[in-house]
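The values are calculated or read from the model by the stated rules, or taken from the named source; none is laboratory data. Here the structure is a predicted model, which means the values were calculated and not measured. Neighbour counts are summed over all protein chains in view; Cβ atoms, including those assigned to glycine, are modelled from backbone coordinates with ideal geometry.
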Number of protein chains: 2
Amino acid sequence: MSKQISSVWTREPRPARTPGRSREEIVRATLELLDAEGLDGLSMRKLGARLGSGATTIYWYVENKDELLELAYDHVWGQIALPVPEELGWRDTITTFAHSMRRVMLFHPWVGSLIGRLPALGPNALSMSDRLRKAFALAGFEGLDIDYANAALTAYVFGTVIPEIAWQSSMGGEELDQESMKETFRHVARDFPDLLERLTEINDKVSDTDTLRETSFAFGLTTVLDGLEARLRS
Amino acid sequence: MSKQISSVWTREPRPARTPGRSREEIVRATLELLDAEGLDGLSMRKLGARLGSGATTIYWYVENKDELLELAYDHVWGQIALPVPEELGWRDTITTFAHSMRRVMLFHPWVGSLIGRLPALGPNALSMSDRLRKAFALAGFEGLDIDYANAALTAYVFGTVIPEIAWQSSMGGEELDQESMKETFRHVARDFPDLLERLTEINDKVSDTDTLRETSFAFGLTTVLDGLEARLRS
DNA sequence: AAAACCTCTCGCACAGTGTGCGAGATTGGT
DNA sequence: ACCAATCTCGCACACTGTGCGAGAGGTTTT
């Protein structure tokens, strides 16, 4: 009888009654606040105000703020599209999935700060894993290799998008302001001639950074998929 | 004349005088505190106490707490080993690099929460990029492909390690306590029979989760490298 | 020697945080 | 009408980052 990891998902939720607030309502408001003001903008008092209640009322439905974040976190994973692999074939299925995952994460930038802090144990996260696994099994992977392939793919998406979020947020809500970004980069990279040269090359070839990042993402994605396919053939 | 992205690296540091504290001293104390108590354990007052000074003294050397984190952040990237590619060949070089990066990150788990919040513009981060690029250039990549390969590789490492950190920290400093982890997982995954089946399979084949994660990391790494190599041949 | 001027320290205060507690309101069952 | 369970929330506590302005200490100029 060892003690569980502390998480919302290891405690039974309070049975839902008709009167009063509900967990769903609270999570919905949490998501709105997170999307509107980011992780720092979420406070129990603001959330209470949005719900038309006292701040500490929330603690009746949720043990603490982290549990609230776990709930919001898992909700996001539910928004990722994963086509039925039997119809599209595994490569297109995974590709679609990866792009959808990226889009969803960029739309809810605050998840970037949660991935390193909260384990993803919610039903949506698990269901995502489950369906992803089926796609990889259909591709021909067996046993633990299914999990390894799964981990590699999601790792690539996470690792790409998380720094993207950092950039996006450090440019602070403003319009892209590409020129100032280049200026900044020129300044900090002044001691690295090769990096500077690369920067001007990028300037020549690529018009805006959004498509650059998307191209880079696609490049890495096919790289990973090619690597996985190589495994299947050996 | 557009305004810069706000960052320590875009401001000239205060010229160093002999008396009083120094930036290096403060960063060192910051790192100690971060390693000892994590990101939440770092507060200006605690840091001041450790330095034997008032909390607000720090603001003479640093604009705000985020700048302090940027400095500590960049310091970590300086600890990653990157062999000389001409000696080892690019694959071994990158492999060594990736493992070193993972080890360093796991040793300073708080970086996991910073990757999604602060852009990596410090000299160590840039120097890492620079040297990585050289390795990929030596491998045979050209032009933007060098950056894409670079991005793909670091994305994979980031994306693997960041969730690892989440697990590590959610088990709260305690010894691994594998049994309770399995118990937790069995509980949350109770509605996903395939996942449960996979879990027992893992239990049979793998003794401890540390080596499991390491195997998984190595699997994904060779996957990415294989994918990159496939690009080179086409 | 005196005055002016930097460089640096830090106590105080402010607005804000998560959340424990306990008193009260609201509800449903008898 | 009474009781017990369920739910709300004001207050308080310890804590956060940081703006401000008074002062200390040292160096340079007059």
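Name the single residue that is farthest from the other protein chains (Cβ to nearest Cβ) among those in region B:40-65 being under 25 Å from residue B:105 (Cβ atoms), surrounded by fewer than 17 Cβ atoms within 10 Å (Cβ to Cβ) and near DNA strand D (Cβ under 10 Å from one of its atoms).
B:46
Residues are listed down the side, and each one gets a yes or a no for (1) under 23 Å from the mean Cα position of the chain (by Cα); (2) closer than 30 Å to residue B:66 by Cα:
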| position | (1), (2) |
| --- | --- |
| B:117 | yes, yes |
| B:122 | yes, yes |
| B:157 | yes, yes |
| B:187 | no, no |
| B:198 | no, no |
| B:222 | yes, no |
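One line per residue, one yes/no per condition, for (1) under 28 Å from the mean Cα position of the chain (by Cα); (2) modelled with pLDDT under 95:
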position: B:19; (1), (2): no, yes
position: B:24; (1), (2): yes, yes
position: B:36; (1), (2): yes, no
position: B:49; (1), (2): yes, no
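I'd like the full set of residues that are assigned to a helix (DSSP H, G or I) and within 18 Å of the chain's Cα centre (by Cα), limited to region B:51-92. Spell out how you get there, then give the answer.
Taking region B:51-92 as the starting set, the residues that turn out to be assigned to a helix (DSSP H, G or I) are B:55-60, B:65-77, B:85-88, B:90-92.
The answer is B:66, B:67, B:68, B:69, B:70, B:71, B:72, B:73, B:74, B:75, B:76, B:77.
Just to be sure, is residue B:226 of a type in the set (D, E, K, R) and in contact with a Leu (Cβ under 9 Å, 6 or more places away or on another chain)?
Details: of a type in the set (D, E, K, R): yes; in contact with a Leu (Cβ under 9 Å, 6 or more places away or on another chain): yes.
Yes: the conditions hold for residue B:226.
Which condition number in (1) buried (at least 21 other Cβ atoms within 10 Å of the Cβ); (2) within 16 Å of DNA strand D (Cβ to nearest atom) is the one that residue B:119 fails?
(2)
One line per residue, one yes/no per condition, for (1) within 25 Å of residue A:215 (Cβ to Cβ); (2) of a type in the set (A, V, I, L, M); (3) out of contact with any helix residue (DSSP H, G or I) (no Cβ under 9 Å at 6 or more places or on another chain); (4) free of Cβ contacts under 8 Å to residues at least 24 places away in the same chain:
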position	(1), (2), (3), (4)
A:121	no, yes, no, no
A:128	no, yes, no, no
A:133	no, no, no, yes
A:138	no, yes, no, no
A:145	no, no, no, no
A:156	yes, no, no, no
A:159	yes, no, no, yes
A:163	yes, no, no, yes
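Might you let me know whether region B:184-193 holds any residue that is crowded, with 17+ Cβ neighbours inside 10 Å and not in a helix (DSSP H, G or I)? Spell out the reasoning first.
Step one: filter region B:184-193 for residues crowded, with 17+ Cβ neighbours inside 10 Å, giving B:184-185, B:188-189, B:192.
When the remaining residues are screened for being not in a helix (DSSP H, G or I), the result is B:189, B:192.
So far as region B:184-193 goes, yes, one or more of its residues are crowded, with 17+ Cβ neighbours inside 10 Å and not in a helix (DSSP H, G or I).
Rundown of residues vs (1) crowded, with 24+ Cβ neighbours inside 10 Å; (2) of a type in the set (D, E, K, R); (3) modelled with pLDDT of 95 or more, yes/no style:
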position: B:112; (1), (2), (3): yes, no, yes
position: B:123; (1), (2), (3): no, no, yes
position: B:126; (1), (2), (3): no, no, yes
position: B:138; (1), (2), (3): no, no, yes
position: B:141; (1), (2), (3): no, no, yes
position: B:154; (1), (2), (3): no, no, yes
position: B:162; (1), (2), (3): yes, no, yes
position: B:170; (1), (2), (3): no, no, no
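Name the one entry in A:82, A:132, A:114 that is within 20 Å of residue B:112 (Cα to Cα) and of a type outside the set (S, T, N, Q). Spell out the reasoning first.
Details: A:82 fails: within 20 Å of residue B:112 (Cα to Cα); A:132 fails: within 20 Å of residue B:112 (Cα to Cα).
Selected residue: A:114, the only one of A:82, A:132, A:114 that is within 20 Å of residue B:112 (Cα to Cα) and of a type outside the set (S, T, N, Q).
So which residues in region A:79-95 are under 24 Å from residue A:107 (Cα atoms), modelled with pLDDT of 95 or more and surrounded by 15 or more Cβ atoms within 10 Å (Cβ to Cβ), if there are any at all? I'd like the intermediate steps shown before the answer.
Initially, region A:79-95 is screened for residues under 24 Å from residue A:107 (Cα atoms), giving A:79-84, A:92-95.
Still in the running and modelled with pLDDT of 95 or more: A:79-80, A:92-95.
Matches in region A:79-95: A:80, A:93, A:94, A:95.
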